[in-house]
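Asks: Right, I'll just put the structure down here and ask away after.
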Amino acid sequence: MDLNLEILRAARGLAAYATARHAVIAENVAHADTPGYRARDLTDFSDSFRSRGDLPFAMKATREGHIVTSPPRHSADVVERALFGAEAPNGNNVSIEDQMMRAVESQRQHSMALAVYRKSLDIIRTTLARP
Amino acid sequence: MNDLLKAMGAASSGMHAQSARLRISTENIANADTPGFRRKIVTFEMLDPERNARAVTTGRTYTSEAELQRIYDPAHPMAGEDGMYDGSNVNLVVELADAREAQRSYEANLRMFDQARNMGTALLDLIRR
């Protein structure tokens, strides 16, 4: 049987990406009134996701019985990104409405990733179930 | 999961800072009629960017340098020869706007906290099955 677990990896990567993005957005909202603060966001998931191989840091498994782990699957960079024209006179360019949109987007990404993960597990379970 | 905790930490620091701002604003309103009272101003700043603590915190509190309001009341014990005394420089409209803004920002932080919590719960539900 060929268990194609790539979909699980992708789902896990998207979930990790969504939570990291949510942390950045929460910082933005917390700094909504800090003078000079610049709003930040992660780069798009599709640009940063690597499906296989060339992982920079991974735990070495030199013996049988070592647990093989894989590092977080996304490598999105934090970049300054804000709504055009949202800059306040004190140099802060956080727009709460814009951040809410982004937060909802990341929440949707997260729930989609979890739904895909759960469905894939269901399929595997169905496949392995006794007749 | 670690990122979710970070998100909740940032949101709670935001709520903390906004409630401190609301407290200062309330103190200003409470002292609006205190003679010689100067309005206090809260500043927000980054906690410690060098150590990657990007949460928000309240910095020094400043007092407003705006001119004190001169009030005419010869019966007042602090009134001078001309019957005027120095009131406070609190502008109630400004304070109310400030308090309302603090409340709105607090709510935004609360929503972010709630969202992060919901995401964590959904994650744990996956394990629970």
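Asks: Would you please name the GluC sites (Glu not before Pro) within the stretch B:79-112 that are DSSP coil residues with at most 15 other C-beta atoms within 10 Å of their C-beta?
Replies: Working: sites: B:GLU81, B:GLU95, B:GLU101, B:GLU107; in loops: B:GLU81.
In loop regions of the stretch B:79-112 (DSSP not H, G, I, E or B), the sparsely surrounded GluC sites (Glu not before Pro) are B:GLU81.
Asks: Next up: For the stretch B:65-129, what is the Kirkwood hydrodynamic radius in Å, using each pair of distinct C-alpha atoms? Spell out each step's value before the answer.
Replies: Working: mean 1/r = 0.0610 Å⁻¹.
Result for the stretch B:65-129, one decimal place: 16.4 Å.
Asks: On to the next question. Using r as the Cβ-Cβ distance of B:ILE71 and A:MET100, and R0 as 41 Å, what FRET efficiency do you calculate, to the nearest 0.05?
Replies: On the way: r = 44 Å, r/R0 = 1.08.
Using R0 = 41 Å, I get an efficiency of 0.40.
Asks: Once you keep just the Cα pairs under 8 angstrom separated by 6 or more residues, what percentage relative contact order results for chain B? Before the final figure, lay out each step's value.
Replies: Values: 184 pairs, mean separation 43.8, N = 129.
Contact order relative to length: 34 percent.
Asks: With a sphere of radius 10 Å drawn around the Cβ of B:TYR62, what net charge do the other residues whose Cβ falls strictly inside it have (Lys, Arg +1; Asp, Glu -1)? Could you put the intermediate results ahead of the total?
Replies: Details: positive: B:ARG38, B:ARG39, B:LYS40, B:ARG60; negative: B:GLU65.
Counting the neighbours of B:TYR62, the net charge comes to +3.
Asks: So how much slack lies between A:ARG9 and A:ASP47, counting 0.36 nm per residue of separation and subtracting their Cα-Cα distance, in nm? Mind showing how you got there, number by number?
Replies: Details: separation 38, 0.36 × 38 = 13.68 nm, distance 1.60 nm.
My answer for the length gained is 12.1 nm.
Asks: Let me ask you something else. Hey, what angle do you get for helix B:2-30 against the long axis of chain B, alpha-carbon based, 0 to 90 degrees rounded to 10?
Replies: 10
Asks: Counting only other chains, and only Cβ atoms inside 10 Å, what mean value do you get across the residues of A:12-21?
Replies: On the way: counts 0, 0, 0, 6, 3, 1, 3, 11, 5, 2.
Mean inter-chain Cβ contacts per residue within 10 Å come to 3.
Asks: Starting from the Cα of B:VAL94, step 7 Å along the direction of its Cβ; do the same at A:MET112; then give the gap between the two resulting points in nm.
Replies: 4.7
Asks: Moving on. Between B:ALA53 and B:LEU126, how high is the FRET efficiency from 1/(1 + (r/R0)^6) when r is the Cβ-Cβ distance and R₀ = 30 Å? Nearest 0.05.
Replies: Numbers: r = 30 Å, r/R0 = 1.00.
Taking R0 as 30 Å, the efficiency between B:ALA53 and B:LEU126 is 0.50.
Asks: Right, next: Could you please report the charge total around B:LEU123, scoring K, R as +1 and D, E as -1 over all other residues with beta-carbon less than 13 angstrom from its beta-carbon?
Replies: Values: positive: A:ARG12, A:ARG118, B:ARG117, B:ARG128, B:ARG129; negative: B:ASP3, B:ASP125.
Cβ neighbours under 13 Å give a net charge of +3.
Asks: What's the ranking of B:110-117, A:79-86 by average number of surrounding C-beta atoms within 10 Å, highest first?
Replies: B:110-117, A:79-86
Asks: What is the Cα centroid distance between the stretch A:29-45 and the stretch B:58-105, reported in whole angstrom?
Replies: So the separation of the two Cα centres works out to 34 Å.
Asks: Enumerate the amide H contacts of B:ILE41 below 5 Å, restricted to partners 5 or more residues apart or on another chain; note that Pro and chain-start residues carry no placed amide H.
Replies: Amide H neighbours of B:ILE41: B:TYR62, B:THR63, B:SER64.
Asks: Multiply the residue separation of A:ALA129 and A:ALA86 by 0.36 nm, subtract the distance between their alpha-carbon atoms, and state the gained length in nm to one decimal.
Replies: Numbers: separation 43, 0.36 × 43 = 15.48 nm, distance 5.51 nm.
My answer for the length gained is 10.0 nm.
Values in this text are rule-based calculations from the coordinates and carry no lab data. Only a predicted model underlies this, so the values are computations on that prediction, with no experimental measurement involved. Glycine also receives a Cβ, built like all others from the backbone with ideal geometry; neighbour counts cover every protein chain displayed.
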